[in-house]
1. From the residues in the stretch 6-27 that are open to solvent by 50 Å² or more (accessible area, probe 1.4 Å) and free of Cβ contacts under 8 Å to residues at least 24 places away in the same chain, which one is nearest to the chain's Cα centre (by Cα)?
2. Show the residue pairs meeting these rules: Cβ distance below 9 Å; 6+ apart or different chains; first residue within the stretch 85-100 and at pLDDT below 95; second residue of a type in the set (A, V, I, L, M, F, W, C).
3. Which residues, counting only those in the stretch 229-239, are within 16 Å of Leu103 (Cβ to Cβ) and either in contact with a helix residue (DSSP H, G or I) (Cβ under 7 Å, 6 or more places away or on another chain) or open to solvent by less than 10 Å² (accessible area, probe 1.4 Å) (or both)?
4. For the stretch 225-240, does any single residue satisfy the condition of being part of a strand (DSSP E or B) and under 14 Å from the mean Cα position of the chain (by Cα)?
5. Looking at the stretch 240-262, which of the residues that are more than 16 Å from Cys215 (Cβ to Cβ) and at pLDDT 95 or above is surrounded by the fewest Cβ atoms within 10 Å (Cβ to Cβ)?
6. In the stretch 28-54, what residues are assigned to a loop (DSSP other than H, G, I, E, B) and open to solvent by 50 Å² or more (accessible area, probe 1.4 Å)?
7. Could you say whether any residue in the stretch 8-24 is in a loop (DSSP other than H, G, I, E, B) and touching a Lys or Arg at 6+ places or on another chain (Cβ under 8 Å)?
Amino acid sequence: MKHPADDIDIEVRMLVEAVYLKYNYDFRDYTGASQKRRVLVAMREMECATVSELQARVLHQSEAFTRLLQYLTIPVTEMFRDPEYHAAIRAQVVPHLSTYPSLKLWVAGCSTGEEVYSLAILLHEEGLLERSIIYATDINPASLEAARRGVFALDRMRLYTENYQKAGGKSAFSDYYTAAYGGALFDRALLENVTFADHSLATDSVFSETHFISCRNVMIYFNRRLQDRVLGLFHESLCHRGFLALGSKESIDFSSHAQRFEPVAKRERIFRKAAP
């Protein structure tokens, strides 16, 4: 027998449906537990007694939706996160990318940009940045703007430096930023070939034919149906024998697309589009 949903679960589903109908942001296939936690935090911070009250504000005040969006898309990221992953990119992916005269790379769900800058630094050190175009996409305009600015907290630089060194960095990490605006401003040259754009993995279609896609620690917030959609989207977006990199807690094993990828570095969640 199916147990009836709690009132608050019903309210959260109604809020998510309202957001989709009003603003065309689709969170309907995000995992329930994580989404519920984020809605409850937003409700408390925005001083709403109930989720229904939060929904009413979001429907009638666009600025309330903008604020809610910051809670629904909380960025959890850092530069050179999982250094062994970046070391595997250098060792096992870069030699293949080096064979192309030009490259297109896609960082899907780029959040506030730490993954983008890490990739740009890696490509620069491998002599590939100048012939690369990097598409960095996210659904959160505030996160995209933060990524464009490229100013990160100075107190994070020690961790980022350690990550960079463990990932096989070939320079001094401090060469890539200067202290400015109360934070660390990263070299604008890293962004010369980066295009930031709004793109929803839940509703939008193929972004571009790419040689490499990074979508790390994004799909963990999606249910199985949306994960399957996204993996299909990535398969369509990759060129022949292109590469797909996922987060440390993400898998393709369950997916109907699993046989369409082959592992390159399974522990680091790096895959390659299988030959047809």
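1. By that ranking, first place goes to Tyr20.
2. The qualifying pairs do not exist here.
3. Ser237, Leu238 - these are the residues of the stretch 229-239 that are within 16 Å of Leu103 (Cβ to Cβ) and either in contact with a helix residue (DSSP H, G or I) (Cβ under 7 Å, 6 or more places away or on another chain) or open to solvent by less than 10 Å² (accessible area, probe 1.4 Å) (or both).
4. Residues of the stretch 225-240 that are part of a strand (DSSP E or B), as a first pass: 238-240.
Now narrow it down to the ones that are under 14 Å from the mean Cα position of the chain (by Cα): none.
So far as the stretch 225-240 goes, no, none of its residues is part of a strand (DSSP E or B) and under 14 Å from the mean Cα position of the chain (by Cα).
5. His240
6. Arg28, Glu47, Ala49, Thr50
7. Among the residues of the stretch 8-24, not one is in a loop (DSSP other than H, G, I, E, B) and touching a Lys or Arg at 6+ places or on another chain (Cβ under 8 Å), which makes the answer no.
Conditions tested, residue by residue: (1) modelled with pLDDT under 95; (2) surrounded by 12 or more Cβ atoms within 10 Å (Cβ to Cβ).
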position	(1), (2)
Ala147	no, yes
Lys166	no, yes
Tyr181	yes, no
Leu201	yes, yes
Gln227	yes, yes
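The values are calculated or read from the model by the stated rules, or taken from the named source; none is laboratory data. On a predicted model such as this, the values are computed, not experimentally measured, just so you know. Cβ coordinates were reconstructed from backbone atoms using ideal geometry, including for glycine residues, and neighbour counts include every protein chain displayed. Surface areas here come from the heavy atoms of the whole protein model, side chains and all, with no ligands, DNA or RNA. Shrake-Rupley method; radii C 1.70, N 1.55, O 1.52, S 1.80 Å.
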